[in-house]
């Protein structure tokens with residue numbers, strides 16, 4: 001029988017909010033297994049002890065922000081409206097059905113007070129320690145990558161500006177390696193590197209000057225930030241988050257961030273291996289990881305040789321004699337080591353001028369082939385060898401199940417595809433808050449399955 005419900009929703013009911021929230025709701029799991037009271041100790045120095053009007057519970061404000069990041073609510077005004085209407089949100093915050101929800105401006109002011117502090121980073125670290133406590137972080141294999149976040153800036157609103165080039169942090173170490181290599185080959189030391197400030201012209205956003213103009217093959221062009229993230233392979237818990245402008249190379253902050261994790265979370269003894277993509281395949285990173293005795297698996301870059309010329313890998317290196325052999329078995333002998341750390345191996349022009357492969361080998365006017373080899377090339381060869389092994393191939397495949405999935409969840413479910421705010425510090429706050437929510441969700445779901 002066809003019927004229509006004509007009841008008007010103006011009746012009064014006596015209900016218990018506890019009974020209105022499903023037992024398997026995510027917020028129930030988080031409430032049961034994550035104790036957020038530690039936040040009070042992190043923020044108590046912001047509040048007066050004996051005077052002033054009573055404040056809104058800071059734990060409630062943070063939990064309200066967590067709801068926004070957990071469910072991808074990007075607007076604080078919208079977050080206020082959602083909490084007003086959603087019973088589960090009210091239950092999680094400890095609010096009754098008729099209690100007033102904190103205003104969106106209160107959340108904004110709360111964030112402004114945290115701007116000059118390290119509170120969000122401390123909360124992130126506390127959650128990671130909680131995961132370690134529950135044996136969800138092994139610290140044996142760490143996987144790192146970066147993803148681009150679209151800055152809150154129009155790429156057409158920009159000016160061209162001279163900016164200082166980023167200096168390589170390992171220059172002193174490289175200069176020492178070059179000095180020793182030249183000395184070992186009987187060469188005079190190079191003159192001391194002049195301290196000069198190099199600049200380059202680049203686009204700078206007038207809306208968000210701290211973002212970087214990114215131009216990468218296969219990537220969108222415009223103003224972006226890079227979210228550099230590290231995860232532990234065991235349960236894909238995020239152990240580090242760091243933000244740079246979009247025009248900073250992935251490899252620049254890597255070693256520093258790795259060492260900070262090893263120090264902070266006690267990974268010095270446990271860390272056995274790392275897996276990285278091709279953006280981290282640099283001589284300095286390979287050398288550092290080999291020195292730390294960390295098994296490194298890094299994707300290889302596909303270099304494009306000059307069209308029509310024989311590829312460099314076909315010249316075989318003899319480490320005992322310190323020479324290269326060409327396809328005709330002629331020797332390319334050591335000539336010098338340049339300031340950038342590359343040894344130069346040169347052929348004998350008298351052999352090359354009558355060689356049948358000359359046109360396919362070199363186009364130099366003096367008919368001499370030059371092959372270069374970095375002073376830290378042995379470390380790169382070691383990493384390549386790791387990647388060819390069975391365990392290396394397995395570790396590299398882990399990237400798709402761990403770090404790439406972590407980024408995909410952050411963008412699709414938690415609103416990390418675009419920057420909500422402007423400025424590097426605020427974008428870092430967004431990235432950290434997203435990572436915190438991803439971690440607490442994993443911890444809550446795991447403990448629910450484990451202990452019920």
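The values are calculated or read from the model by the stated rules, or taken from the named source; none is laboratory data. Because the structure is a prediction, the values reported are computed rather than measured. Backbone-built Cβ (ideal geometry, glycine too); neighbour counts: all protein chains shown.
Each row is one residue, and each column tells you yes or no for (1) in contact with a helix residue (DSSP H, G or I) (Cβ under 6 Å, 6 or more places away or on another chain); (2) in contact (Cβ under 8 Å) with a residue 12 or more places away in the chain; (3) assigned by TED's automatic domain parsing to the domain that holds residue 265.
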position: 204; (1), (2), (3): no, yes, yes
position: 207; (1), (2), (3): no, yes, yes
position: 211; (1), (2), (3): no, yes, yes
position: 218; (1), (2), (3): no, no, yes
position: 223; (1), (2), (3): no, yes, yes
position: 227; (1), (2), (3): yes, yes, yes
position: 233; (1), (2), (3): yes, yes, yes
position: 238; (1), (2), (3): yes, yes, yes
position: 250; (1), (2), (3): yes, yes, yes
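Please verify whether residue 244 is crowded, with 18+ Cβ neighbours inside 10 Å, closer than 24 Å to residue 173 by Cβ and out of contact with any strand residue (DSSP E or B) (no Cβ under 8 Å at 6 or more places or on another chain), treating the condition exactly as stated. So that I can check it myself, show each step before the final result.
Numbers: crowded, with 18+ Cβ neighbours inside 10 Å: yes; closer than 24 Å to residue 173 by Cβ: yes; out of contact with any strand residue (DSSP E or B) (no Cβ under 8 Å at 6 or more places or on another chain): no.
Here the answer is no, as residue 244 does not meet what is asked.
Condition check: in contact with a helix residue (DSSP H, G or I) (Cβ under 9 Å, 6 or more places away or on another chain) and buried (at least 17 other Cβ atoms within 10 Å of the Cβ). Does residue 296 satisfy that? Steps first, answer last, please.
Working: in contact with a helix residue (DSSP H, G or I) (Cβ under 9 Å, 6 or more places away or on another chain): yes; buried (at least 17 other Cβ atoms within 10 Å of the Cβ): yes.
It is true that residue 296 is in contact with a helix residue (DSSP H, G or I) (Cβ under 9 Å, 6 or more places away or on another chain) and buried (at least 17 other Cβ atoms within 10 Å of the Cβ).
Take the residues in the stretch 289-305 that are in a helix (DSSP H, G or I) and more than 18 Å from the chain's Cα centre (by Cα), then tell me which one is nearest to residue 403 (Cα to Cα). It would help to see each step written out before you state the result.
Going through the stretch 289-305, the residues in a helix (DSSP H, G or I) turn out to be 289-291.
If we keep only those that are more than 18 Å from the chain's Cα centre (by Cα) as well, we get 290-291.
On the way: 290: 23, 291: 25 Å.
Across the stretch 289-305, the extreme among qualifying residues is 290.
Which of the residues that make up the stretch 414-452 are in a loop (DSSP other than H, G, I, E, B) and within 21 Å of residue 33 (Cβ to Cβ)?
The first filter runs over the stretch 414-452 and keeps only residues in a loop (DSSP other than H, G, I, E, B), leaving 414-417, 419-423, 452.
Matches in the stretch 414-452: 414, 452.
Here's a check for you: in the stretch 252-279, which residue that is touching a helix residue (DSSP H, G or I) at 6+ places or on another chain (Cβ under 6 Å) and either surrounded by fewer than 18 Cβ atoms within 10 Å (Cβ to Cβ) or more than 23 Å from residue 439 (Cβ to Cβ) (or both) is modelled with the lowest pLDDT?
268
Consider residue 308 carefully, then state whether it is within 37 Å of the chain's Cα centre (by Cα) and not in a strand (DSSP E or B). Full working, then the answer.
Working: within 37 Å of the chain's Cα centre (by Cα): no; not in a strand (DSSP E or B): yes.
Considered against the rule, which asks whether it is within 37 Å of the chain's Cα centre (by Cα) and not in a strand (DSSP E or B), residue 308 comes out as no.
With the structure loaded, tell me whether residue 278 is over 11 Å from the mean Cα position of the chain (by Cα), touching a residue at least 60 places away in the same chain (Cβ under 8 Å) and in the same structural domain as residue 385 (by TED's automatic domain parsing) or whether it fails that test.
Answer is no for this residue.
Could you tell me which numbered condition residue 243 fails, if it satisfies all but one of (1) over 30 Å from residue 342 (Cα atoms); (2) in contact with a helix residue (DSSP H, G or I) (Cβ under 9 Å, 6 or more places away or on another chain); (3) part of a loop (DSSP other than H, G, I, E, B)?
With respect to (1) over 30 Å from residue 342 (Cα atoms); (2) in contact with a helix residue (DSSP H, G or I) (Cβ under 9 Å, 6 or more places away or on another chain); (3) part of a loop (DSSP other than H, G, I, E, B), residue 243 is out only on (3).
From the list 368, 344, 328, 353, pick out the single residue that is without any contact (Cβ under 8 Å) to a residue 60 or more places away in the chain and surrounded by fewer than 13 Cβ atoms within 10 Å (Cβ to Cβ). Walk me through it before giving the result.
Values: 368 fails: surrounded by fewer than 13 Cβ atoms within 10 Å (Cβ to Cβ); 344 fails: surrounded by fewer than 13 Cβ atoms within 10 Å (Cβ to Cβ); 328 fails: surrounded by fewer than 13 Cβ atoms within 10 Å (Cβ to Cβ).
When all the criteria are applied, what remains is 353.
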